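S.K.: Following this message is one structure expressed as structure tokens.
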Amino acid sequence: MAARKKTPHPQSTLIILVRHGQTPTTGKILPGRAAGLHLADSGIAQAAGAAERIAKLPRVDAIYSSPLERARETAAPIGKALKQRVLIDKGLLECDFGDWTGAELSALMKKPEWATVQRAPSTFTFPNGESFTDMQARIVSALDKIRAKHPGGVVVCVSHADPIKAAVAHAMGTHLDLFQRIVVSTCSISAVAYSSYGPVVLTVNSTGGSLADLRPS
């Protein structure tokens, strides 16, 4: 009797999602896509720490970043540590907050719409901006395209809090209306392994320790 051929395990592509480092307005202003916002000194130190952690991975095949300055400045030390060029991908951009861009968070929290943003974000579109649903579709599509370019590889993507939270929620099969329950701190690392069986969330909001064990069980 002929031996049965073993079915090969599907290749997983590991996506390392890094939120940009702290800026002078983190937690105070909704900066959105406004240009000219750079990392604070604390954010520069955070970015160096993230780069050190990622550089200890056995391999990294590519590094992608949102085009905004704070994301590129976070990606730069990762690229330097790995001796790789950082590729810019607009799909990793921050949500377009439209008319809310640049507003103080303390003022936005007083708006009646703020409750919708927190409790039913799937129904909300920022005035003259992007909806949370469109943002999630954009980041998920961008990650799909990136992982298709690196099958079985390890890819770092530097982005922003809301897109990363939306991508993690999608990978977990969590409704977008619950994505605000996910915490993604500055320069934290979240990781998702994608295969033909679907995504597996390996870690969320990791801010320290080794990344060596980031693999599906």
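The values are calculated or read from the model by the stated rules, or taken from the named source; none is laboratory data. These numbers come from a predicted model, not from an experiment. Every residue, glycine among them, receives a Cβ derived from its backbone with ideal geometry; neighbour counts consider all protein chains shown.
S.K.: Go through segment 51-97 residue by residue and tally those that are acidic (Asp, Glu) and under 16 Å from GLY153 (Cβ atoms).
M.R.: So the answer is 2.
S.K.: Which residue pairs have Cβ atoms closer than 7 Å, lie 6 or more positions apart in sequence or on different chains, and pair a first residue in segment 104-129 that is under 17 Å from GLY32 (Cα atoms) with a second residue that is β-branched (Val, Ile, Thr) and surrounded by 13 or more Cβ atoms within 10 Å (Cβ to Cβ)?
M.R.: Taking only residues 6 or more apart or on different chains, the pairs are GLU104/ILE29; LEU105/ILE29; PHE124/THR116; PHE124/VAL117.
S.K.: Just a yes or no: is a residue in segment 4-15 charged (D, E, K, R) and at pLDDT 95 or above?
M.R.: Looking for residues that are charged (D, E, K, R) and at pLDDT 95 or above, one finds none in segment 4-15, hence no.
Residue-wise test of (1) in a strand (DSSP E or B); (2) farther than 17 Å from ALA50 by Cα.
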site: PHE179; (1), (2): no, yes
site: VAL184; (1), (2): no, no
site: TYR194; (1), (2): yes, yes
site: PRO216; (1), (2): no, yes
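S.K.: Determine which single condition VAL18 fails, assuming it passes every other condition in (1) farther than 22 Å from VAL192 by Cα; (2) buried (at least 18 other Cβ atoms within 10 Å of the Cβ).
M.R.: Here VAL18 meets the rest and fails (1).
S.K.: All but one of (1) out of contact with any helix residue (DSSP H, G or I) (no Cβ under 8 Å at 6 or more places or on another chain); (2) under 19 Å from GLY153 (Cα atoms) hold for THR101, so report the exception by its number.
M.R.: The failed condition is (2).
S.K.: Can you go through SER131, SER42, SER66 and tell me which one is modelled with pLDDT of 95 or more, more than 19 Å from the chain's Cα centre (by Cα) and surrounded by 15 or more Cβ atoms within 10 Å (Cβ to Cβ)?
M.R.: Exactly one of SER131, SER42, SER66 is modelled with pLDDT of 95 or more, more than 19 Å from the chain's Cα centre (by Cα) and surrounded by 15 or more Cβ atoms within 10 Å (Cβ to Cβ), namely SER42.
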